[in-house]
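First the structure, in the form of structure tokens, and then the observations on it.
The values are calculated or read from the model by the stated rules, or taken from the named source; none is laboratory data. All figures in this text were calculated on a predicted structure; none of them were measured in a lab. Here the Cβ is made from the backbone with ideal geometry for all residues, glycine too, and neighbour counts use every protein chain on show. Areas reflect the complete protein model, heavy atoms only, side chains present, ligands, DNA and RNA absent. Shrake-Rupley method; radii C 1.70, N 1.55, O 1.52, S 1.80 Å.
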Amino acid sequence: MTARLLVLVSGSGTNLQALLDACADPSYGAEVVAVGADRDGIQALTRAEQAGVPTFVHRVDDFPSRAEWDAAVTGEVSSYRPDVVVLAGFMKLLGSSYLPALGARTVNTHPALSPSFPGMHGPRDALEYGVRVTGCTLFVIDDGVDTGPIVDQRAVRVEDDDTVETLHERIKSAERSMLVEAVGRMAREGFRIEGRRVRFGG
Ligand code: GAR
């Protein structure tokens, strides 16, 4: 059975593209059934359209409250009956409607080695701290900021001449292969959460 993936994005969508490319091979075991965003005019939406995948946009500013935005996102995502939701550079926290409905099947990719450097600026914060190794983390979301049970991580060395941009690009390269490998296993084998651990298999 082919697993149904729904991907939420806010930016350039290189992680989305890696998933779309992987899904082109039937043996990968998953298809992207829709891509959702919190803003218009981003490259990630163009990538989805070019792949023939349905898209939707819900902007926080178009709703009377954050809670109503969260409920609208929850309803739209649920309507596609996803097996796994991937937050691939989605720059919003999901809240009180979303988490009970879909949180346990939603993974987020973060450009740092959790629990270090949570939040919006993982590569910058790692560089400013002066760590020699950083990386990326795929985790199941919970009500914290980048705190959920970890599915996988990859380490990336910080080079002497790194800028935030060069470091983030190297992290993103590691992130794409981590994401494709881990989401493929989640799709083909299923997964479960045991305390802080995420286990593959039904
Ligand atoms: C990725 O590095 C992802 O980890 C990061 O945004 C980038 C998206 O790149 N997400 C966060 O920082 C979320 N807190 P992409 O749009 O090219 O896939």
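Using all pairs of distinct alpha-carbon atoms, the Kirkwood hydrodynamic radius of the stretch 1-42 works out to 10.9 angstrom. Placing a label point 7 Å from the Cα of PHE63 along the Cα-to-Cβ direction, the residues of the stretch 88-125 whose backbone N falls under 15 Å of that point are 91-103.
For the options VAL151, VAL133, VAL183, a Gaussian network treatment of the chain with springs between C-alpha atoms closer than 10 Å singles out VAL133 as fluctuating the most.
Residues considered: GLU31, GLU76, GLU165. Largest GNM mean-square fluctuation over the chain, using C-alpha springs under 10 Å, is found at GLU165. Computed over the stretch 46-105, the alpha-carbon pair-distance distribution with 5 angstrom bins reads 4, 16, 26, 27, 17, 8, 1, each value a whole percent.
Annotation: per residue accessible area for the chain equals 47 Å², rounded to a whole number [probe 1.4 Å, protein chains only].
A viscosity of 0.692 mPa s and a temperature of 37 °C, combined with the Kirkwood radius over Cα pairs in Stokes-Einstein, give a translational diffusion coefficient for the stretch 139-192 of 255 µm²/s. Taking the accessible area of the chain, probe 1.4 Å, and keeping the other protein chains in place, the carbon and sulfur fraction comes to 50%. Take every pair of alpha-carbon atoms less than 8 Å apart whose residues are at least six positions apart; their mean separation over the length of the stretch 1-157 yields a relative contact order of 20 percent. Membrane-span-like helices in the chain, defined here as complete DSSP H runs extending at least 30 Å along the helix axis by their C-alpha atoms with mean Kyte-Doolittle hydropathy no lower than -1.0, are 164-189; this is a sequence and geometry rule, not a statement about a membrane. Does the chain come out rounded, prolate or oblate by the C-alpha gyration tensor, with a ≥ b ≥ c the root eigenvalues, rounded set by a/c under 1.5 and, if not, prolate when a/b is larger than b/c and oblate if not? Cα axes put the chain in the rounded bin.
Computed from point charges on the beta carbon alone (+1 for Lys and Arg, -1 for Asp and Glu), the dipole magnitude for the chain about its Cα centre is near 620 Debye.
By the Kirkwood approach, averaging reciprocal distances over each pair of separate Cα atoms, the stretch 46-145 gets a hydrodynamic radius of 15.2 Å.
Taking a ≥ b ≥ c as the square roots of the Cα gyration tensor eigenvalues, the stretch 109-202 comes out prolate, since a/c reaches at least 1.5 and a/b is larger than b/c. Basic side chains Lys and Arg get +1 at the Cβ, acidic Asp and Glu get -1 at the Cβ, and with that the dipole of the stretch 1-92 about its Cα centre reaches some 100 debye. Within the shell of other residues whose beta carbon sits under 13 angstrom from the beta carbon of MET186, the net charge comes to +2, with Lys and Arg scored +1 and Asp and Glu -1.
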